[in-house]
1. Being part of a strand (DSSP E or B) and within 12 Å of the chain's Cα centre (by Cα): is that true of residue 64 here?
2. Do we find a residue being assigned to a loop (DSSP other than H, G, I, E, B) and touching a helix residue (DSSP H, G or I) at 6+ places or on another chain (Cβ under 6 Å) anywhere in the stretch 13-30?
3. For the stretch 20-36, name all the residues that are surrounded by fewer than 13 Cβ atoms within 10 Å (Cβ to Cβ) and under 12 Å from the mean Cα position of the chain (by Cα).
4. Which of the residues that make up the stretch 38-61 are in contact (Cβ under 8 Å) with a residue 24 or more places away in the chain, more than 12 Å from residue 4 (Cα to Cα) and in contact with a helix residue (DSSP H, G or I) (Cβ under 9 Å, 6 or more places away or on another chain)?
5. Would you be able to say whether some residue in the stretch 46-59 is modelled with pLDDT under 95, touching a strand residue (DSSP E or B) at 6+ places or on another chain (Cβ under 6 Å) and not in a helix (DSSP H, G or I)?
6. Is it fair to say residue 35 is on the phi < 0 side of the Ramachandran plot, touching a residue at least 60 places away in the same chain (Cβ under 8 Å) and either out of contact with any strand residue (DSSP E or B) (no Cβ under 9 Å at 6 or more places or on another chain) or part of a helix (DSSP H, G or I) (or both)?
7. Anything in the stretch 43-59 that is surrounded by 15 or more Cβ atoms within 10 Å (Cβ to Cβ) and over 15 Å from residue 11 (Cα atoms)? List them, or say none.
C-alpha cells in the first residue's frame, strides 16, 4: 500500500503527457496534473480527517494505474 508521502513524491516528479486520462470505464480526468495537486493540497490541509479518504483513494488508484502502464 502506498503511503501519502510515497504518492506525493511520485507525483512531484511525474511528467503528465496526456491532457485527458482515463482511469477506468467510469472515471476520466480532464486535467490529471491539476487533480493531483488539488488532491494533495486537500489531504495536507485535512490530515487525519477521514472525510478526505476518497481523495487519497483516488490518488492511490491513479498512482497504481500509472505504475502499471510504465511496466
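1. no
2. Yes, because at least one residue in the stretch 13-30 is assigned to a loop (DSSP other than H, G, I, E, B) and touching a helix residue (DSSP H, G or I) at 6+ places or on another chain (Cβ under 6 Å).
3. 34
4. Correct list: empty.
5. No; the residues of the stretch 46-59 include none that is modelled with pLDDT under 95, touching a strand residue (DSSP E or B) at 6+ places or on another chain (Cβ under 6 Å) and not in a helix (DSSP H, G or I).
6. Judged against the criteria, residue 35 is not a match.
7. Correct list: 52 only.
The values are calculated or read from the model by the stated rules, or taken from the named source; none is laboratory data. On a predicted model such as this, the values are computed, not experimentally measured, just so you know. In this analysis, Cβ positions are derived from the backbone assuming ideal geometry, glycine residues included, and neighbour counts consider all displayed protein chains.
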